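I have placed the structure first, in the form of structure tokens, so that the comments after it can refer back to it.
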Amino acid sequence: MHSSSTLRRETAKTKLLNAALSVLRTKGYSATTVDDLCAAAGVTKGAFFHHFVSKEALAVAAVNYWSEVTGALFAAAPYHAHKDPLDRVLAYIDFRAQLLSGEVAEFTCLAGTMVQETYDCSPAIRAACEASISGHAATLEADLAAAIEAYGLRDVSAASLALHTQAVLQGAFILAKAKGGPQIAGESVGHLRNYFSLLFKST
């Protein structure tokens, strides 16, 4: 893991990674060129190939970088402070809803965006995206397991519920892209919250 100071340092590599987070979410993987990435980063093509052997290699690195940056955001988020594990889960969902603002490319997921496009043509990108999405889901498992125990749920898996949150969120991002704005995504996240409330409180 990189330190926060490393992430802030404006090296050519970091400029390219930051540019990739924006450009790939906006244009998609296939439509993005090395020239696009270099222009957005303000670096030369020589600098690009000094750090990455190909666009695919940068895409894989960008997904891993995305996981680091967003992982730090979620690790520091206030939803962890709640005493009740279900309250932590519901507050996580509320936090996700709060992030749904601005242009679609500003709040959608890099891993979800790229895996839809590359899952069959780039095993390396697919694997990086799967690790990113599943890795984030895994951060929810402890709270979900504690809530399952506290509320006496049966025949339900914390790991499966954690992945379900990501399925809904990724689907919400797709709807936002189709509709051209965050409103429908916010509604979907609201339905997810209601589902968890009913699931746990109906026992």
Scanning region 17-67 residue by residue, those at positive phi and either surrounded by 14 or more Cβ atoms within 10 Å (Cβ to Cβ) or among the hydroxyl-bearing types (Ser, Thr, Tyr) (or both) turn out to be 28
Just wondering, is there one or more residues in region 175-190 that are farther than 17 Å from residue 95 by Cα, among the aliphatic types (A, V, I, L, M) and crowded, with 17+ Cβ neighbours inside 10 Å? yes
Some residue of region 161-170 being farther than 21 Å from residue 20 by Cβ, surrounded by 15 or more Cβ atoms within 10 Å (Cβ to Cβ) and among the polar types (S, T, N, Q): yes
Residues of region 107-137 being of a type in the set (Gly, Ala, Ser) and out of contact with any Leu (no Cβ under 9 Å at 6 or more places or on another chain), which ones? 111, 122, 124, 127, 128, 131, 135
Show the residue pairs that are 6+ apart or on different chains and have beta-carbon atoms under 8 Å apart, the first residue being within region 134-146 and free of Cβ contacts under 8 Å to residues at least 24 places away in the same chain, the second being open to solvent by 30 Å² or more (accessible area, probe 1.4 Å). 141/159
Does any residue of region 54-76 turn out to be outside any helix (DSSP H, G or I) and farther than 24 Å from residue 183 by Cβ? yes
Which members of region 95-149 meet the condition of being among the β-branched types (Val, Ile, Thr), closer than 16 Å to residue 174 by Cβ and not in a loop (DSSP other than H, G, I, E, B)? 104, 113, 115, 118, 133
Just to check your reading of the model, which residue among 118, 44 is without any contact (Cβ under 8 Å) to a residue 40 or more places away in the chain and polar (S, T, N, Q)? 44
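The values are calculated or read from the model by the stated rules, or taken from the named source; none is laboratory data. Remember, it's a predicted structure, so these values are computed and weren't measured experimentally. No Cβ is skipped: glycine too gets one built from the backbone with ideal geometry, and neighbour counts run over all protein chains shown. Just the protein is used for accessible areas: all its heavy atoms, side chains included, with ligands, DNA and RNA removed. Shrake-Rupley method; radii C 1.70, N 1.55, O 1.52, S 1.80 Å.
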